[in-house]
Amino acid sequence: MIHFENVGLRYGMGPEVLRDLTFDIPRRSFQFLTGPSGAGKSTLLRLLFLSLQPTRGLIRTFDRNIATIPREELPMLRRRIGIVFQDFRLLEHLTTYENVALPLRVRGKDELSYRADVIDLLKWVGLGERINVLPPVLSGGEKQRAAIARALIDRPELLLADEPTGNVDPPMARRLLSLFLELNRLGTAVVIATHDLSLMDQVDARRMILSQGRLDIYE
Amino acid sequence: MSEPATQPEPQERGQQKRPEMRVRPTAPIVPPSNVSGNALMCVIAIMAFLACLTYGAVSMVRATAASWQSEISREITIQIKPDDNLDMEAALAEARDLALTFAGTRDGQIVDRAATARLLEPWLGEGLDLDELPVPRLVVITIDERNPPDFVALRQALSEKIPQAFLDDHRTWVNRLVAMAETTALIGTGVLILVFSAMVLTVVFATRGALSGNRHIIEVLHFVGAEAGFVATEFQKHFLKISLKGSFAGGALAALVFAIAGYWQGRSLATPQSDQATALFGTFSVGAGGYLGIAATMIVIALLTTLTARFTVMRTIFEIDRIRSDPARTDGLPEA
């Protein structure tokens, strides 16, 4: 589904942040992306999310070479990818429900067609009582769960999550992990960037370890 | 701030019954009102008021200048100086008849003795006997200002028939007035251009300023898969509402100012204040054209704001995509 070949990336004239990355993200796969702070995890996620282009190498996403995709087609490809930002990026004037429903709304779907699904998902992530609450009132963990629900709502083919359990307690982290696993069981490929070793130990999954811009993969 | 729609109910026999989940009516994607939006509306209202006021004032000044020019160039005067051998009344009639034989003249009127005396009354007082003074007499000829007579030929014919006659075609006055009217209209047009330019720049920059506070919304929409056109349309709708409210308030206020000034002038006709104001500015009525201009100004401002919003949003999305192709431009993205 995603193929990286000798990918390198540098910011301006600086040193390469990512070097010679060659790997695949197969369909329906589940993997953790880990490594020390500053190793380039978020940058790699941005490459996967099509919000950056590499300075060298080849990336194929959904069988398309991303160097040749016209910008008008990017939204259609992004709709196949769900992303959980480290800083959540919830819109503060919209309620939890409206934030989670946003991806469906921008696709032009009728609210009646998705209302029940959004509420069910919010209940599943433990925000059933917070559907009409605005983000400034939510705790860090609640914002995290709302951001995850927004990324999941349209059943993406690939889910990218940047530290999705960074602001939640261990029981909620386990619950979110089981949500990711359930999503993966239903056919979504999942990439979770995390520092949380205990989270990774709960699942026998592929580990992609970034260190000094290089990637080691442990199947 | 919204409150959770669900309220816990008392437990009955160990079971908790919950009411149906309810959500509030979906809020617009762009926040309906915030400080920058209100400030933009005020800026638009003020600029619309100033632009409409300037437009109305300039059209009023142009109309007044045109009427000055038209009134004075519509007439010429034949002046006949008294002479011992001249039968003044016969000479006046001959001069009028001669003038009317020329193409481009319409009507001739001899200023009679009583009218001449009235003309001189401010300087020579009442009870003036014109026979005692060598006062010139006048014939006023109305001409077709679009197709005036041949003044040189008329002057020549008059001097041959009546040597004491002198033709005043008001050219000196007309030329001066034309120059003044043109200068006034030019200054007015210059002021109008300046005010409209200021309005365009202010509205454009105020709109961009108001939008800059919403960049995060554009980014989020873009990243959840919204197409550029969708995002631009959402912002366009929002800014169209703001600009319509602002420009309508400003334009309506300007129209009200003209309506009140016209009403005041109509109510105070023949009073010294009104006469002075009329002499200086003409009538305060801007007419249907003026009100149409005000409406057009309002529409222009609304369109300008809307288009600026659209272009700014498209440009923001373009910049986000440019970061994609040039990783050195990572402003606006979270740290790696």
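Every read-out reported here was derived from the displayed coordinates using simple, explicitly stated rules and does not represent laboratory data. Source: prediction; values computed, not measured. So basically every Cβ, Gly included, is an ideal-geometry build from the backbone, and we count neighbours across all protein chains shown.
Scanning residues 5 or more positions from A:L159 or on other chains, those with amide H under 5 Å from its amide H are A:G82, A:A189, A:V190, A:V191, with H placed 1.01 Å from N in the peptide plane.
In the range B:152-197, the convex hull through the Cα atoms has an average projected area of 3.7 nm², a quarter of its surface area. Here r is the Cβ-Cβ distance between A:K123 and A:L77 and R0 is 45 Å; the resulting FRET efficiency, rounded to 0.05, is 0.90.
With N set to the residue count of the range A:93-219, report its C-alpha Rg divided by 2.2 N^0.38 Å to two decimal places.
Values: Rg = 15.4 Å, N = 127, 2.2 N^0.38 = 13.9 Å.
Ratio of Rg to 2.2 N^0.38 Å for the range A:93-219: 1.11.
In sequence order, the range B:192-204 has phi-based couplings of 4, 4, 4, 5, 5, 5, 4, 5, 4, 5, 4, 5, 4 Hz under the Karplus curve 6.51 cos²θ - 1.76 cosθ + 1.60, θ = phi - 60°, and Gly or Pro positions carry x.
Evaluated over the Cα positions of chain A, the convex hull gives a direction-averaged projected area, one quarter of its surface, of 12.1 nm². Label-to-label distance for A:R60 and B:N38 is 5.7 nm, based on points extended 7 Å past Cα in the beta-carbon direction.
Mean per-residue shielding of peptide A:80-91 is 3, counting Cβ atoms of other chains within 10 Å of each Cβ.
Checking the table A:K123/B:K237; A:K123/A:K143; B:K81/B:K161 against a 23 Å threshold on Cα-Cα, which pairs fail? Beyond 23 Å between Cα atoms: A:K123/B:K237. Sequentially through the range B:48-56, phi angles give Karplus couplings (6.51, -1.76, 1.60; θ = phi - 60°) of 5, 4, 5, 5, 5, 4, 5, 4, x Hz, Gly and Pro residues having no value and appearing as x.
Given the Cα-Cα distance of B:M180 and B:A27 and 0.36 nm per residue of separation, how much length would full extension add, in nm? Please report the intermediate quantities before stating the final value.
Working: separation 153, 0.36 × 153 = 55.08 nm, distance 5.83 nm.
Computed gain between B:M180 and B:A27 is 49.2 nm.
Its Cα gyration tensor gives the protein assembly as shown an equivalent ellipsoid. The semi-axes, each the square root of 5 times an eigenvalue, are 85, 27, 16 Å from largest down.
For the range B:76-157, trypsin sites (Lys or Arg not before Pro) meeting the loop criterion (DSSP other than H, G, I, E, B) and having at most 11 other Cβ atoms within 10 Å: B:R146. Of A:S42, A:S178, A:S113, the residue with the greatest mean-square motion in the GNM of chain A, using alpha carbon springs below 10 Å, is A:S113. For the range B:82-98, the Karplus equation 6.51 cos²θ - 1.76 cosθ + 1.60, evaluated at θ = phi - 60°, returns couplings of x, 8, 4, 8, 10, 8, 4, 5, 5, 5, 4, 5, 5, 4, 4, 5, 5 Hz by residue, with Gly and Pro reported as x.
Nothing charged except the Cβ atoms of Lys and Arg (+1) and of Asp and Glu (-1): what's the magnitude of the dipole of the protein assembly as shown about its Cα centre? Round to the nearest 20 debye. Write out the running numbers ahead of the final one.
Numbers: 59 positive and 62 negative charges, 702 e Å.
It works out to roughly 3380 debye.
Local charge sum around A:G126 (other residues, Cβ-Cβ under 13 Å, Lys/Arg +1, Asp/Glu -1)? List each step's numbers first, then the result.
Numbers: positive: A:K123, A:R130, A:K143, A:R145, A:R174, A:R175; negative: A:D120, A:E129, A:E142, A:D169.
Overall, the nearby charge balance is +2.
With a simple spin-label model that places each label point 7 Å from the Cα along the Cα-to-Cβ direction, the separation between A:S198 and B:L307 comes to 6.1 nm.
So, counting K/R as plus one and D/E as minus one, what does the shell of residues with Cβ under 14 Å around A:P135 add up to? Within the 14 Å Cβ shell, the charges total +1. One compactness figure for the range A:93-154 is 0.99, namely its Cα radius of gyration divided by 2.2 N^0.38 Å.
Take every Cα pair under 8 Å whose residues are at least 6 apart in sequence, average their separation, divide by the length of the range B:39-173, and the relative contact order is 37 percent. Debye-formula intensities of the range B:116-220, expressed as log10 I(q)/I(0) at q = 0.23 Å⁻¹, are -1.20 (one equal scatterer per alpha-carbon, no solvent). When restricted to Cα atoms, the range A:9-117 yields an Rg and a Dmax of 16.7, 51 Å, respectively. Per residue of peptide B:215-223, the mean number of Cβ atoms on other chains within 10 Å of the residue Cβ is 5. Selection among A:N99, A:T165, A:L199 by position relative to the dipole of the range A:71-219 gives A:N99 as farthest towards the positive end (Cβ unit charges, Cα centre).
If you take the C-alpha gyration tensor of the range B:80-169, multiply each eigenvalue by 5 and take the square root, what semi-axes do you get, largest first, in whole Å? Write out the running numbers ahead of the final one.
Working: eigenvalues 128, 48, 19 Å².
Computed over the range B:80-169, the values are 25, 15, 10 Å.
Quick one: divide the alpha-carbon radius of gyration of the range A:43-86 by 2.2 N^0.38 Å and tell me what you get. All intermediate terms of the calculation are to be shown ahead of the outcome.
Numbers: Rg = 10.2 Å, N = 44, 2.2 N^0.38 = 9.3 Å.
Ratio of Cα Rg to 2.2 N^0.38 Å: 1.10.
Label separation (B:R106 vs A:L181): 10.0 nm, computed from points 7 Å beyond Cα along the C-beta direction.
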